[in-house]
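Peer 1: Pasting a structure here, questions to come.
Any read-out appearing in this document is the output of simple, stated calculations on the displayed coordinates, not a laboratory observation. These numbers were taken from a predicted model, which means no experiment stands behind them. Using ideal geometry, Cβ is built from the backbone for each residue, glycine included, and neighbour counts are taken over all protein chains shown.
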């Protein structure tokens, strides 16, 4: 979850769907915010139901599953949700829907071959 900015924003959007924030036009859509948060922890504490730990092996398994099954390359931090699901760290009801946010820009491409060569 790193610094908590992305998860606090997603949790807020899910739990308070009536919230509307005017967006600024920019090519960097990940930076489209009108007012940056000072400290996302109170939001995480209020809206995030559960936080689980995921080992590197499961993150790598998530990355490999995304490439194999969805033909998507995601950065390791974004693959953590898939890894948690594959590891069974997240307990779900059979009728429960799941969403995992995938991003791809925060890693060294030199590591790409090393991660995918092993699987």
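Peer 1: For region 47-66, enumerate the residues that are closer than 14 Å to residue 115 by Cβ and buried (at least 16 other Cβ atoms within 10 Å of the Cβ).
Peer 2: The answer is 58, 59, 60, 61, 62, 63, 64, 65, 66.
Peer 1: So, of the residues in region 38-60 that are touching a residue at least 40 places away in the same chain (Cβ under 8 Å) and assigned to a helix (DSSP H, G or I), which turns out to be farthest from residue 11 (Cα to Cα)?
Peer 2: 60
Peer 1: Moving on to the next point. Scan 92, 112 and give me the residue that is over 17 Å from the mean Cα position of the chain (by Cα) and over 20 Å from residue 10 (Cα atoms).
Peer 2: Exactly one of 92, 112 is over 17 Å from the mean Cα position of the chain (by Cα) and over 20 Å from residue 10 (Cα atoms), namely 112.
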